[in-house]
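Visitor: Okay, here's the structure, questions in a sec.
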Amino acid sequence: MHFCPSLLCLAGQLTVGTCEIVMLNRDSSVPRRTIARQTARCACRRGQIAGTTRARPACVDARIVRSRQWCEMAPCLEGEICSLLFNRSGWTCTRGSGRIKTVTPLPKEPS
Amino acid sequence: MRIVMVTSPCTPFPVLWLVQFLLWFHNHGPQPTEAIPPCPTPCTCSNQASRVICTRKSLDQVPNSISDNTRYLNLQENSIQVIKSDTFRHLRHLEILQLSKNHIRQIEVGAFNGLPNLNTLELFDNRLTVVPTQAFDYLSKLRELWLRNNPIETLPAFAFNRIPSLRRLDLGELRKLDFISEAAFEGLENLRFLNLGMCGLKDIPNLAPLVRLEELELSGNQLGIVRPGSFQGLVSLRKLWLMHSKVSVIERNAFDDLKILEELNLSHNSLHSLPHDLFTPLHQLERVHLNHNPWVCNCDVLWLSWWLKETVPSNTTCCARCHAPPGLKGKYIGELDQTHFTCYAPVIVEPPTDLNVTEGMAAELKCRTGTSMTSVNWFTPNGTLMTHGSYRVRISVLHDGTLNFTNVTVQDTGQYTCMVTNSAGNTTATAVLNVSASDSSNGYSYFTTVTVETVETVRGEDTKSAGQYVNETYIEFPNPTVRRELDGRPGTTISPSLSSLSSLSSKANKADNSVTSVIDVTNIPGLDDVMKTTKIIIGCFVAITFMAAVMLVVFYKLRKQHQLHKHHGPARAIEIVNVEDEIGAGAGSGISGGSTVNSGTAGEGTLRIHHPEVINLPNIGRTDTLNHYYKTHHFNNNVMGLNIGSEGMIPGGILSSKNQHGQDIPISCTSVPISTSNLLNTSGNGTNSNPSSMSPPLPMSLPMPTLGLHGSIKGFMGQNQNPQMEPLLFKGSSKENVQETQI
């Protein structure tokens, strides 16, 4: 489930089991807050689907995404605590230092 | 000024000097400002020294004293060996510098410094072994560089990168040249003419950076085979010379990149034939020199004959003559026609076969023909045409016609047709490539996330900001069902907060469901209130339930003991202690935990619940008064009862003054419909006279003082259910009583 460095993913060819970030918008205009919108594309094996593991795009069990039990795909970095958002609309990664990441997956992206 | 200064000490001398000065000035003053600059000794100068010619003067170094005005400097045919740094530094008008036919073997770094207007630099016929790349800095107007006939051995990467202005580069006759870097011509984007003739090249170097190259001289090399892609990038090339280059084979599609080629010279080579339709992509081609090649005239050159007749009808006899077969020897190709041969459509010797491969593997679809002079085209499933040399990342057509995949993908699946053409017609063969995604699902999946990351420096705010986050996210991506709920009933008792939420969510909804902007919802005051109220209600409910339970238990126990010790008056105090222990074991800290005794009011023994965790021990000094009070009023009250039932004791007078301080906890419960203090009041003295006990909720911490209520429950219970206890508790003014107060 390694992350595909862009040079090895020439011309949109992804090795099975790898992902690449195809879109990233970052807004840091507000101090102490960053809002990033990111789309990852993954070539996953059967039964898997694009998701997030350890804060990077990765293929995860399709069941996790369908059931929206986001924390089961270990989306946070080590040392962060994952908790599901209200209504399973996403998850938060909380670090002891007061850094909170709130991540909400959007509905399917029309590629 | 100087004169004035000098005058004061001694007058006669300066006056003389002044006169002399004036005289001198008179004689020499109105001189012309433009002096004719000196000409360097062995040289001849003209045009006011802007042309300096020093040819054949046996100079072994560049003469000094060359005028600043020089525009043209000719140092040809001398014996200069080294060009030193800054040699021409002052010649800022120099445009042409001729150093050819010397013995230059070294050009130092900075040798051409200070020549901003130099446009032609001639260094041919010298003894340079390397390209003096380092010396080319700052030659920003250099257009022509002549390096022909130097013993240069390599053309390293970026050899000419510093002179992008170059238009003409002469690298002919570099007979020692044996290596040309792939990036040797990088940066020469303005180059129009390149001479690489007579360099002994065995391969055509990478010329792709030369996008404006118009004329390319490659004659006199040893190329042998010209392959497709050799001229990749030369989209502006108009003239290509390949004479005397021992070319024996030109592969299919070798010239496909030269879209606007006008003139092609292939004379004096070893060509027998040319692949079918080699010139078809060259729409501008109008002059082809094919003479002096051993052409074999058969069906394979028939296309060339047609092409010549069609393209240069006036001059079909100009160039190529047949060398074989003997019957056609000496005949012009342009005069051949089909009657001379019997031609057959091409045969595909090895046609492609259907292939089943898994994704990521290499694959080959063969299409081998009997002769390489046919043309081969592949039609791919998506309709594109592939030919030899056409550039795709993973797919290529090899010279033998094979379609080669380095790494198939599922998208490559489909029918591939190869079409082989010669002058007699074409033949096709089709095969199906089936790529299966062995262990992967089809295609790609996407995952789009919006991440909001904050760093809170103040730890105390963490919880607050987290709450805020939930709000934000919720608003950004409203769940449809929740939204409906919220919109559905905006008029309930807690409507203010909910409606504000729903309005926010609908706002977010308008923003296309993928809002990246964050709506700041720092405080929704209505929601807080609702939460508070709810908590109070729950807390009080629990309290009441607990109260009832404890009441029953304690009542039962006390009653039991009372019955046991009914007739043992003197021993009562000790017995009480036992009772307390039992209660303490049962309810434990639960009873005492919630109660706080305000030390300021401790004299009166008023118990107040401030905070669930804190217990302040009362000042016990005046327990006498307490006892007295209780005794005198025959008020059957456990001291605990003071917690809540304080209002009930107003008639006692002692406590009344402190009531204002002691209201916190009872008041918190008064906001609840069934207020605990209300209950107590009514059950106690029933006066209910203190209006503050019914006051609206005061701001207080929400974690309910349920434990405090336990205490009060006990008191309440003691008040009502156990009137017989009174004598037991307060008969002796001893420490035991006080301890009980703490409980």
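Where a number appears in this text, it was derived from the coordinates with a stated rule and is not lab data. In this text the structure is predicted, and so the values were computed from the model without any measurement. Here Cβ is always computed from backbone atoms with ideal geometry, including for glycine, and neighbour counts include all displayed protein chains.
Visitor: I'd like the FRET efficiency for B:HIS93 and B:ASP203, computed as 1/(1 + (r/R0)^6) with the beta carbon distance as r and R0 of 51 Å, rounded to 0.05.
Guide: That pair, B:HIS93 with B:ASP203, gives E of 0.75.
Visitor: Just list whichever of B:LYS246/B:LYS329; B:LYS84/B:LYS141; B:LYS176/B:LYS259 have alpha carbons separated by over 29 Å in the model shown.
Guide: Values: B:LYS246/B:LYS329 21 Å; B:LYS84/B:LYS141 21 Å; B:LYS176/B:LYS259 33 Å.
Result: B:LYS176/B:LYS259 exceed 29 Å.
Visitor: Additional query: How high is the FRET efficiency between B:GLU262 and A:SER28 when r is their beta carbon distance and R₀ equals 51 Å, given to the nearest 0.05? Before the final figure, lay out the partial values.
Guide: Numbers: r = 56 Å, r/R0 = 1.09.
It comes to 0.35.
Visitor: Residues of the stretch B:195-227 with the amide nitrogen closer than 18 Å to a label point 7 Å from the Cα of B:VAL235, along Cα-to-Cβ, please.
Guide: Only B:207-215 fall inside the zone, counting backbone N under 18 Å.
Visitor: Figure the gain on full extension for B:VAL211 and B:ASN407 (residue separation times 0.36 nm, minus the Cα-Cα span) and round it to one decimal in nm.
Guide: 67.5 nm
Visitor: In nm, to one decimal, how far is the B:ASN315 label point from the B:THR358 one, both placed 7 Å along Cα→Cβ?
Guide: About 6.1 nm separates the two model spin labels.
Visitor: Also: Under the definition of partner shielding as Cβ atoms of other protein chains within 10 Å of a residue Cβ, what is the mean value for peptide A:26-35? Walk me through the intermediate numbers first.
Guide: On the way: counts 3, 4, 1, 0, 5, 2, 6, 6, 5, 11.
Counting Cβ atoms of other protein chains within 10 Å of each residue's Cβ and averaging gives 4.
Visitor: Same structure again: Set the Förster radius R0 to 22 Å, insert the Cβ-Cβ distance between B:THR417 and B:ARG394 as r into 1/(1 + (r/R0)^6), and round the FRET efficiency to 0.05. Walk me through the intermediate numbers first.
Guide: On the way: r = 19 Å, r/R0 = 0.85.
Step by step, r from the Cβ atoms, then E = 0.70.
Visitor: What is the distance, in nm, between label points placed 7 Å from the Cα along the Cα-to-Cβ direction at B:ASN47 and at B:VAL347?
Guide: 7.1 nm
Visitor: Can you compute the modelled spin-label distance between B:ASP86 and B:ASN161, with each label point 7 Å from Cα toward Cβ, in nm?
Guide: 2.7 nm
Visitor: Multiply the residue gap between B:GLU335 and B:GLU153 by 0.36 nm, knock off their C-alpha separation, and tell me the result in nm, one decimal place. Walk me through the intermediate numbers first.
Guide: Values: separation 182, 0.36 × 182 = 65.52 nm, distance 4.58 nm.
Extra length available between B:GLU335 and B:GLU153 comes to 60.9 nm.
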